[in-house]
Amino acid sequence: IGHPERVVDKLAEGIRRVCSAFNPRPVVLRFSDFKTSEYRDLKGGEKYEPEEPSALLGWRGASRYYDPKYRDAFRLEVRAIKKVREEYGLKNLWVMLPFVRTVEETERVIRIIEEEGLHRGPDFKVWLMAEIPSNVILADQFNKFIDGYSIGSNDLTMLILGCDRDNATVGPIFDERDLAVKRAIKHLIDVAHKDGRTVSICGQAPSVHGPDFIRFLIESGIDSISVNPDAVVQVRKWAASIEQRLLIERATGR
């Protein structure tokens, strides 16, 4: 408290290390998405964080960024990103907005980012975590404010199936391969591509569910796939093999 520059410097230094290692390849940084229960578990957290009956569906993601109780903290994140891009010269740093419930929320958060001097352009992209059904249903509207999507398959599955992923009782119902989830993913890719927006996927689904799920993603036109570190080599092999088979099938008409 009282030393915001320390927060900015600490954040910027950590981000700088990652961006330097990957430069000039893009690094997409997801803004903080801790839930109230996670903040409360930190030292002194109970002093600032409310108790919520369902933290997964509570005060998290974009809803915090423009809230007067949290907005100044979010601005520190944005300033750290600006420092990495402008003072350290690492223009490969992009950002991603998590848990955005409405198009209006997107506008409000983008406005804060712009007030801090960062503007979307050829070398600065703003992505959206697609993890709420509204992101899929209104993708044509979200397209106006963002440059790409990363599908958060865990939360998207939870909210489409109405299944709390932290509740072991209904755990067996939670499955990213459910037809409702797969149709949502395919629809998002189609609508995003119409406006030239890219679509990636994060979460554990590609790593856990293997070749069948990866084939579905590739056939649907996914632009990139994020996987667990220990699965990178195997998933890369699967993806290459699937893409080769699809090329042969299309060439032979099978």
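The values are calculated or read from the model by the stated rules, or taken from the named source; none is laboratory data. For clarity, every value in this text was computed on a predicted model and none was experimentally measured. Virtual Cβ from ideal backbone geometry, glycine too; neighbours counted across all protein chains shown. For the accessible areas, the whole protein counts, side chains as well, though only heavy atoms, and no ligand, DNA or RNA atoms are used. Shrake-Rupley method; radii C 1.70, N 1.55, O 1.52, S 1.80 Å.
Could you list, ordered by first residue, the pairs with Cβ atoms under 8 Å in which the first is in segment 207-232 and closer than 15 Å to residue 189 by Cα and the second is open to solvent by 50 Å² or more (accessible area, probe 1.4 Å) and among the hydroxyl-bearing types (Ser, Thr, Tyr), at least 6 apart or interchain?
Once the first residue is closer than 15 Å to residue 189 by Cα and sits in segment 207-232, its partners that are open to solvent by 50 Å² or more (accessible area, probe 1.4 Å) and among the hydroxyl-bearing types (Ser, Thr, Tyr) give 223/198; 224/198.
Suppose the filter is open to solvent by 80 Å² or more (accessible area, probe 1.4 Å) and either closer than 16 Å to residue 127 by Cα or in contact (Cβ under 8 Å) with a residue 40 or more places away in the chain (or both); does residue 193 pass it?
no
Can you tell which of 227, 232 is open to solvent by 20 Å² or more (accessible area, probe 1.4 Å), closer than 22 Å to residue 29 by Cα and part of a helix (DSSP H, G or I)?
232
Kindly check whether there is at least one residue in segment 199-208 that is surrounded by fewer than 15 Cβ atoms within 10 Å (Cβ to Cβ) and more than 21 Å from residue 99 (Cα to Cα).
Looking only at segment 199-208, we keep the residues that are surrounded by fewer than 15 Cβ atoms within 10 Å (Cβ to Cβ), and these are 204, 208.
Now narrow it down to the ones that are more than 21 Å from residue 99 (Cα to Cα): 208.
Scanning segment 199-208 turns up at least one residue that is surrounded by fewer than 15 Cβ atoms within 10 Å (Cβ to Cβ) and more than 21 Å from residue 99 (Cα to Cα).
Which of the residues that make up segment 43-68 are within 22 Å of residue 129 (Cβ to Cβ) and assigned to a loop (DSSP other than H, G, I, E, B)?
Selection gives 49, 52, 54, 58, 59, 60, 61, 66, 67.
Yes or no: residue 83 at pLDDT below 95, in contact with a helix residue (DSSP H, G or I) (Cβ under 9 Å, 6 or more places away or on another chain), closer than 28 Å to residue 125 by Cβ and surrounded by 17 or more Cβ atoms within 10 Å (Cβ to Cβ)?
When the stated conditions are applied, residue 83 does not pass them.
Could you give me the residue pairs with C-beta distances under 8 Å whose first residue belongs to segment 158-178 and is more than 21 Å from residue 130 (Cα to Cα), whose second residue is assigned to a loop (DSSP other than H, G, I, E, B) and open to solvent by 60 Å² or more (accessible area, probe 1.4 Å) wherever it lies, and which are 6+ apart or on separate chains?
As it stands, the answer is 170/164; 171/165, since those pairs meet every condition given.
Is it fair to say residue 156 is at pLDDT 95 or above, within 17 Å of residue 11 (Cα to Cα), under 15 Å from the mean Cα position of the chain (by Cα) and not charged (D, E, K, R)?
So residue 156 fails the test.
Within segment 125-134, is there a residue that is in a helix (DSSP H, G or I) and closer than 28 Å to residue 206 by Cα?
yes
Based on what the data block shows, is residue 89 on the phi > 0 side of the Ramachandran plot and surrounded by 16 or more Cβ atoms within 10 Å (Cβ to Cβ)?
no
Keeping to segment 151-170, report how many residues are assigned to a helix (DSSP H, G or I), of a type in the set (Gly, Ala, Ser) and open to solvent by 60 Å² or more (accessible area, probe 1.4 Å).
1
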